[in-house]
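Scroll down for the structure; my scribbles are underneath it.
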Amino acid sequence: LGSRIRSDGKSASLTAPSGKAQMRLLNEVLAAAGTSSLSLVEAHGTGTPLGDPTEMGGLENPLESSIPCLGGVKANFGHTEPAAGLLGLMALVRGARQEAGAANAQLRIVNPMVGPRLHHTGGRLPTQLLDLIVEAAGVSSFGYSGTIVHAIIKRFVSATDSHEMPVQILLYQRRSFSWCEVSHPFIQFRQ
């Protein structure tokens, strides 16, 4: 439905995000898409004490203080660096197609600067697959150098689509793996 890309502009440092720039970008893309609400947002979700509250603030005002279901593919796959935005878009398309909010599989503790905002706005951070009617959905991606992007998609329903498509439910189970050193018999270092 719409997308925009811009620079974060002046901020405190190279890695510090600008909430005002994110807010302006989202306002522009919502206007281009002709909507004021999103049912699902695939957040960039840096997992940092500064990045996540800034992103939440950037979403809160343009979405009229109604934060939707938030997904964060990084919680499932880790930070894929330059592919993070594309992976987020793929997760968003799949969620819109299956009418489901993806789980934030590794979410254990919510940032204390984000939790109250979510509670106040009714936002959700699902830890399991969540049934969700997706009207319009958005994805955010931020680059290290200050590039910010947001795209909004809408689920296209064709005559051949069926609501009886099987949806695979994924349940996540936390596991731990012990680390051990393995010496390779074919590698030798000589001085």
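Only the coordinates and a few stated rules stand behind these numbers; no lab work does. All of these numbers come straight from a predicted model, not from anything done at the bench. As a convention, Cβ positions derive from the backbone with ideal geometry for all residues, glycine included, and neighbour counts pool all protein chains shown.
A few remarks follow.
- Lysines with Cα under 19 Å of residue 20, excluding same-chain neighbours fewer than 8 positions away: 10
- Scattering curve values for the range 35-78, log₁₀ I(q)/I(0), Debye with Cα scatterers, q = 0.27 Å⁻¹: -1.00
- In this simple spin-label approximation, residue 64 and residue 144 carry label points 7 Å from Cα along the Cα→Cβ vector, and these lie 4.0 nm apart.
- Computed FRET value (nearest 0.05) for residue 6 with residue 83, which takes r as the C-beta separation and R₀ as 25 Å: 0.75
- Extension gain for residue 31 to residue 93 (0.36 nm times residue separation, less C-alpha to C-alpha distance): 20.3 nm.
- Taking the square roots of 5 times each eigenvalue of the Cα gyration tensor of the range 1-95, largest first, gives ellipsoid semi-axes of 19, 18, 13 Å.
- Its Cα gyration tensor gives the range 15-163 an equivalent ellipsoid; the semi-axes, largest first and in whole Å, are 22, 17, 16.
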